[in-house]
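> Please read through the structure below; I'll follow up with questions.
Laboratory data are not the source of any read-out in this text; all were calculated from the coordinates shown. In this text the structure is predicted, and so the values were computed from the model without any measurement. Positions of Cβ are generated from backbone atoms using ideal geometry, with glycine treated the same way; all protein chains shown enter the neighbour counts.
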Amino acid sequence: MKLFSKKEKIILRSEQQKEAFIEKLENAHINYVVREDDGGVSSGHVSYIIRVDAADMKKIV
């Protein structure tokens, strides 16, 4: 990831969505950062936030 470039956030609501999306990113050779959303842990559901460069979103969609 570039330090001073625009980033996009993708919020995924399940483990299956996260795994499928990460597989897409890796197949397209795109750098990403994934983390768990802290707000969703107390409700029992875990959300994941994936950050990618905005320029790389065109390769995914």
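> Taking θ = phi - 60°, what integer Hz values does the Karplus form 6.51 cos²θ - 1.76 cosθ + 1.60 yield along the stretch 10-15, in sequence order, with x for Gly and Pro?
10, 9, 10, 9, 9, 5
> Using the basic label-point model (7 angstrom from Cα toward the beta carbon), what is the GLU36 to SER14 distance in nanometres?
Spacing of the two 7 Å Cα→Cβ label points: 1.9 nm.
> Restrict the search to the chain; then list the chymotrypsin sites (Phe, Trp or Tyr not before Pro) that DSSP places in a loop and that have at most 14 other Cβ atoms within 10 Å of their Cβ.
PHE4
> So for the chain, averaging the separation of alpha carbon pairs under 8 Å that are six or more residues apart and normalising by length, what relative contact order in percent results? Numbers along the way, then the final one.
Working: 78 pairs, mean separation 29.4, N = 61.
After rounding, I find 48 percent.
> What percent of all Cα-Cα pairs in the chain falls in each 10 Å bin, counting up from 0?
Reading upward from the zero bin: 22, 52, 23, 3.
> Within the chain, which trypsin sites (Lys or Arg not before Pro) sit in a loop by DSSP and count at most 10 neighbouring Cβ atoms inside 10 Å?
Values: sites: LYS2, LYS6, LYS7, LYS9, ARG13, LYS18, LYS24, ARG35, ARG51, LYS58, LYS59; in loops: LYS2, LYS6, ARG13.
Loop-located and lightly packed - LYS2, LYS6.
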